[in-house]
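Comments concern the structure below.
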Amino acid sequence: SDHRVQNSQLRGRLMSAEAAAALIPSGANVGMSGFTGAGYPKAVPQALAARIERAADAGEPFRIGLWTGASTAPELDGALARVHGVQMRLPYQSDPTSRKQINAGEMEYTDIHLSHVAQYVWFGFLGKLDVAVIEVAGVLPDGRLIPSTSVGNNKTWLDQADKIILEVNSLQSLGLAGMHDIYYGTELPPRRVPIPLTRVSDRIGEPYLHCDLSKVIAVVETRQPDRNSVYAEPDANSRAIAAHLIEFFQQEIKLGRLTSDLLPLQSGVGNVANAVLAGLNEGPFEHLTAYTEVLQDGMLAMLQSGKLARASATALSLSPAAAELFEREIDFFSERIVLRPQEISNHPEVIRRLGLIAMNSMIEADIYGNVNSTHVMGSSIMNGIGGSGDFARNAYMSIFMTPSTAKGGAISCIVPMVSHVDHTEHDVQIIVTEQGLADLRGLSPKERARVVIERCAHPDYRPALLDYFERARQGGGGQHTPHLLDEALAWHSRYLREGRMLP
Ligand code: 0RQ
């Protein structure tokens with residue numbers, strides 16, 4: 001058997017994915033590893049999906065509650081959703097099949113700030129966790145676990161689940177050992193003490209996960225790569241957004257509010273965020289650091305070029321080419337990257353202390369600076385809030401970015417009123433589109449509206465937005481945040497009726 005399972009007790013639990021999946025009962029809450037397509041179990045979820053399908057064919061409904069770190073991959077979310085095996089999902093997903101079922105009302109979904117998930121489980125807010133299914137890179141002779149390419153909520157799942165299934169993936173690099181920092185010092189209120197992390201690269205915990213070996217009911221060997229999706233080449237919009245940001249940071253340096261090493265960067269997921277990093281890699285800043293949730297291609301390139309000195313995250317999210325580079329240069333990256341539990345990578349206390357520059361993408365913003373990151377036309381979920389709220393609320397500076405239009409121009413991403421609010425005007429300081437950058441710090445709502453419309457809206461929509469604002473200024477309503485309530489969401493309903501927002 002495989003040298004990666006060095007503990008004899010756990011070696012005695014080796015079995016097939018099918019046999020392991022047979023140990024998960026219907027109705028169970030299952031905590032799986034996985035964060036942005038990294039470090040998720042690859043065999044047991046598919047075997048479980050096959051079992052669920054057989055049960056359905058036999059007329060026996062079989063569904064589970066599925067908890068993870070964040071998004072996973074087709075082999076996990078996709079496979080289980082396709083057989084309608086997920087009754088309730090939390091805290092984040094980005095899977096097309098799951099999204100469809102959630103929006104059809106066939107799957108319950110609880111979209112939770114990623115830093116809250118572990119403590120909610122400890123508090124008992126989410127009910128009992130029955131089974132943990134965790135991918136690891138290996139098992140040490142004493143039973144400690146070498147974490148995989150994401151940490152996410154794995155520590156909490158291992159601690160809180162009644163039973164544990166381990167997937168040992170021999171394709172994950174053993175060079176990962178030592179890269180993680182698992183903090184076991186979190187207490188429950190009222191016994192909490194400060195988290196002793198004052199610099200991005202501080203190590204405050206241990207490199208390995210541990211668990212009660214008597215809870216381990218199965219160990220499954222796998223050899224499969226992470227999802228590793230390719231990022232799009234930065235397009236003109238993304239490059240323009242990056243250029244506006246770089247100019248803004250330079251201005252802040254001139255004003256003495258930032259230095260040339262800026263402050264630790266947090267960058268969201270997606271193509272725009274990745275393109276902004278590519279822009280920063282060519283920008284004039286030096287000795288940058290990152291305290292972020294997901295380390296994507298852009299950050300790997302910045303570490304390699306030396307622009308980025310140190311990075312902390314809870315997960316990798318790499319393209320196949322970047323994953324290859326990571327593997328090849330693992331000793332180099334191991335000196336520069338720390339992977340932490342998501343309750344620490346996203347912890348409000350640490351984010352506030354370090355003073356992050358948080359850069360996240362959004363779906364839409366309104367003229368007053370409220371931001372919607374999660375819902376299309378008010379009622380359909382896209383992915384979820386993820387870590388954007390953890391970072392936006394607590395950062396030194398909170399930036400949201402988007403192209404000014406979507407769907408070939410039929411949708412304006414700057415609207416009179418957002419159709420769903422994830423980040424209120426109080427948590428949003430900078431809005432950037434390819435058109436320009438709106439610095440909202442210290443502005444009143446009416447001042448913000450003028451800046452957002454002038455700087456960020458697409459020229460095709462600017463007159464209509466100004467017209468809305470001016471009529472709201474003259475309407476009889478309150479003049480702190482002027483709105484025309486009968487019209488505020490008319491752009492969205494017009495899009496749903498006619499396929500375009502503009503009158
Ligand atoms: O859909 O591909 O079907 O056309 O939304 O839009 O422009 O490709 O942007 O990939 O960066 O995603 C906010 C969803 C942006 C993401 C969001 C449609 C658009 C397209 C994607 P199509 P883009 P991105 C830490 C930070 C929340 C979590 C977060 C997200 C699709 O960034 O999920 O921030 N964020 N986490 O057409 C209708 C609009 C639209 C619109 C765009 N106004 N109306 N559809 N789209 N704008 C990391 C983690 O938490 C893990």
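The values are calculated or read from the model by the stated rules, or taken from the named source; none is laboratory data. Bear in mind that the values here come from a model prediction, so they are computed numbers and not experimental data. Cβ atoms come from the backbone with ideal geometry, glycine included; neighbour counts cover every protein chain shown. To get the accessible areas, we keep the full protein, side chains included, count just its heavy atoms, and leave off ligands, DNA and RNA. Shrake-Rupley method; radii C 1.70, N 1.55, O 1.52, S 1.80 Å.
Filtered by the rule that a residue be loosely packed, with under 13 Cβ neighbours inside 10 Å and under 28 Å from Leu437 (Cβ atoms), the stretch 474-502 gives Gln479, His480.
Leu308 satisfies every condition listed in (1) more than 28 Å from Ser94 (Cα to Cα); (2) open to solvent by 10 Å² or more (accessible area, probe 1.4 Å) except (2). The set of residues in the stretch 320-359 that are within 18 Å of the chain's Cα centre (by Cα) and open to solvent by 10 Å² or more (accessible area, probe 1.4 Å) comprises Glu343, His347, Pro348. Filtering the stretch 139-178 to residues that are at positive phi and touching a strand residue (DSSP E or B) at 6+ places or on another chain (Cβ under 8 Å) leaves only Gly152.
For the stretch 419-435, which positions are hydrophobic (A, V, I, L, M, F, W, C) and open to solvent by 50 Å² or more (accessible area, probe 1.4 Å)?
Val421 - this is the single residue of the stretch 419-435 that is hydrophobic (A, V, I, L, M, F, W, C) and open to solvent by 50 Å² or more (accessible area, probe 1.4 Å).
Taking the conditions (1) open to solvent by less than 10 Å² (accessible area, probe 1.4 Å); (2) within 12 Å of the ligand (Cβ to nearest atom); (3) in contact with a Lys or Arg (Cβ under 9 Å, 6 or more places away or on another chain) in turn, Val371 satisfies each one other than (3).
Scan the stretch 412-458 residue by residue and report those that are of a type outside the set (Gly, Ala, Ser), touching a helix residue (DSSP H, G or I) at 6+ places or on another chain (Cβ under 7 Å), closer than 20 Å to Leu484 by Cβ and within 11 Å of the ligand (Cβ to nearest atom). Of everything in the stretch 412-458, those that are of a type outside the set (Gly, Ala, Ser), touching a helix residue (DSSP H, G or I) at 6+ places or on another chain (Cβ under 7 Å), closer than 20 Å to Leu484 by Cβ and within 11 Å of the ligand (Cβ to nearest atom) turn out to be Ile414, Val415.
A quick yes/no check of all residues on (1) crowded, with 16+ Cβ neighbours inside 10 Å; (2) in a helix (DSSP H, G or I):
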position	(1), (2)
Leu23	no, no
Gln46	yes, yes
Arg51	yes, yes
Arg54	no, yes
Gly59	no, no
Phe62	yes, no
Leu66	yes, no
His84	yes, no
Ile102	yes, yes
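Surrounded by fewer than 19 Cβ atoms within 10 Å (Cβ to Cβ), touching a Lys or Arg at 6+ places or on another chain (Cβ under 9 Å), closer than 23 Å to His3 by Cα and not hydroxyl-bearing (Ser, Thr, Tyr) - does that describe any residue in the stretch 186-201? No, that holds for no residue. Of the residues Ala438, Ala472, Ala457, which single one is of a type in the set (A, V, I, L, M, F, W, C) and over 18 Å from Ile363 (Cβ atoms)? The match here is Ala472.
Within the stretch 351-368, the set of residues being acidic (Asp, Glu) and within 7 Å of the ligand (Cβ to nearest atom) comprises just one member, Glu364. Among the residues of the stretch 25-44, write down those that are more than 16 Å from the ligand (Cβ to nearest atom), within 21 Å of Gly152 (Cβ to Cβ) and part of a loop (DSSP other than H, G, I, E, B). Of everything in the stretch 25-44, those that are more than 16 Å from the ligand (Cβ to nearest atom), within 21 Å of Gly152 (Cβ to Cβ) and part of a loop (DSSP other than H, G, I, E, B) turn out to be Ala28, Pro41, Lys42, Ala43. In the stretch 229-249, of all residues being open to solvent by less than 20 Å² (accessible area, probe 1.4 Å) and within 16 Å of the ligand (Cβ to nearest atom), the one that is nearest to Ile430 (Cα to Cα) corresponds to Leu245. Here is the figure for the stretch 250-281: residues that are more than 13 Å from the ligand (Cβ to nearest atom), without any contact (Cβ under 8 Å) to a residue 40 or more places away in the chain and assigned to a helix (DSSP H, G or I) total 7.
So which of Ser334, Ser345 ends up being farther than 15 Å from Gly387 by Cα, modelled with pLDDT of 95 or more and polar (S, T, N, Q)?
Details: Ser345 fails: farther than 15 Å from Gly387 by Cα.
One residue alone meets the criteria, Ser334.
Please work out if Asp297 is buried (at least 19 other Cβ atoms within 10 Å of the Cβ) and touching a helix residue (DSSP H, G or I) at 6+ places or on another chain (Cβ under 8 Å). Yes. Against the definition (within 17 Å of Arg310 (Cα to Cα) and at pLDDT 95 or above), how does His180 come out, yes or no? Criteria met by His180.
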